[in-house]
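Okay, structure first, notes after.
The values are calculated or read from the model by the stated rules, or taken from the named source; none is laboratory data. Computed from a predicted model, the values in this text were never measured in an experiment. Note that we place each Cβ from the backbone using ideal geometry, even for glycine, and neighbour counts take in every protein chain shown.
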Amino acid sequence: MSDTPESHILVRDNGPLRVYGGVKLVDVEGNEYTVPEGESFALCRCGQSSRKPFCDGAHRTAGFDAPSDASKPVD
Ligand code: FES
């Protein structure tokens, strides 16, 4: 991933969205979540996490099945 920009989001196969780089994560009211500075963090996309919007690993036991192939067109 040498061409990957510093800030980017990696869609994990059957798992979360891994966020890299300096980004601000806010709720609908504009309140800022505390995210690890200088480290990546994972956002849940399976809906099973008990600490949304962050991933807590529940996708593994939930059997979340969502490939991350970006080559498929979006409808
Ligand atoms: S993607 Fe990991 S708990 Fe939902």
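THR61 fulfils the conditions (1) under 18 Å from HIS8 (Cβ atoms); (2) without any contact (Cβ under 8 Å) to a residue 24 or more places away in the chain except for a single criterion, (1). For the stretch 11-39, the set of residues classified as surrounded by 13 or more Cβ atoms within 10 Å (Cβ to Cβ), within 24 Å of ALA70 (Cα to Cα) and without any contact (Cβ under 8 Å) to a residue 24 or more places away in the chain consists of TYR20 only. Restricting to the stretch 14-33, name every residue that is at pLDDT 95 or above and part of a loop (DSSP other than H, G, I, E, B). Scanning the stretch 14-33 gives ASN14, GLY15, PRO16, LEU25, ASP27, VAL28, GLU29, GLY30, ASN31, TYR33. When the stretch 7-32 is filtered for residues that are within 16 Å of the ligand (Cβ to nearest atom) and touching a strand residue (DSSP E or B) at 6+ places or on another chain (Cβ under 9 Å), the ones remaining, listed by number, are ILE9, LEU10, VAL11, ARG12, GLY15, PRO16, LEU17, ARG18, VAL19, LEU25. For the stretch 50-72, the candidate set comprises residues that are part of a loop (DSSP other than H, G, I, E, B) and either of a type in the set (Asp, Glu) or touching a Leu at 6+ places or on another chain (Cβ under 9 Å) (or both); within that set, the residue that is nearest to ASP27 (Cα to Cα) is PRO53.
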